[in-house]
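Report on the structure given below.
Since every read-out is calculated from the coordinates, none of them should be taken as a lab result. Fair warning: this is a prediction, and the values are worked out from it, not measured in the lab. Glycine also receives a Cβ, built like all others from the backbone with ideal geometry; neighbour counts cover every protein chain displayed.
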């Protein structure tokens, strides 16, 4: 059954290949620079590790749901606390406790911070049966239906090191820190009464590399300070994007786009689009490997639009851009005109 763009976004944001039906909310910090609309995902079922549409979602509410931590209300250093659900999304600092009322074999919590932050997960108390097959695993990034963000080519760690299992950590290590503004916690418990508590804290990242956007509109500047690495900014919406500035270690006035020379360049910016979470599975829309001051305007009718910078480490590379979600009229025109047709057919 065909999925709408909005439904596909909800799957991308709130589902993994092993999650049961639930209704869950996306939380945002009060007073944060960016906020996300309330999202509640109901009435879906899992077959063969894929999510299918069947009375897929109940509503998209224009109101904002905000959970306020006590310290933001001037109540000292007391931590914000609430229960952790089997399928959850957390975007606030605080303590989160999961207590099983029955066996829970396929659970996951999506963790989300501001673009210029990383996430620290600390185990405060854990009462699970590791020998009996229970586990709590932190993943450095997001995994959905086998797709990863950041991709293996863009992350500084090999894939096996991005999974950190509590039962294998040893008593001397009680914290795990992400390399970007998203992380996940997978967990399984077999016995009712099993429980654990996690404390989540955000830390400033002076040079953010891989970012999952929190909102359908905004602006961002990505900087790589003479490091040999790849960095991506992922926007899980169909968007209009304006790239206003490139500074890639060269100083020419004319941008070079989609030409063979960019493939061999050690420094370039790519605009990618598609319906996959993994940037390596997205379709290249344009490459730019010569510095210029824009603007360059494009509309990308994909579930995921990515600005990706490839850096050789020789230069301080910089790209600035702004974006907004396409409305229904714009999406319909793009579809009728067969522009970015791969986004609708993949």
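For a quick check: sort 203, 160 by the number of other beta carbons within 10 angstrom, fewest at the front.
Going from least to most buried by this count: 160, 203.
What is the packing order of peptides 193-200, 272-279, taking the mean over residues of other C-beta atoms within 10 Å and listing the highest first?
272-279, 193-200
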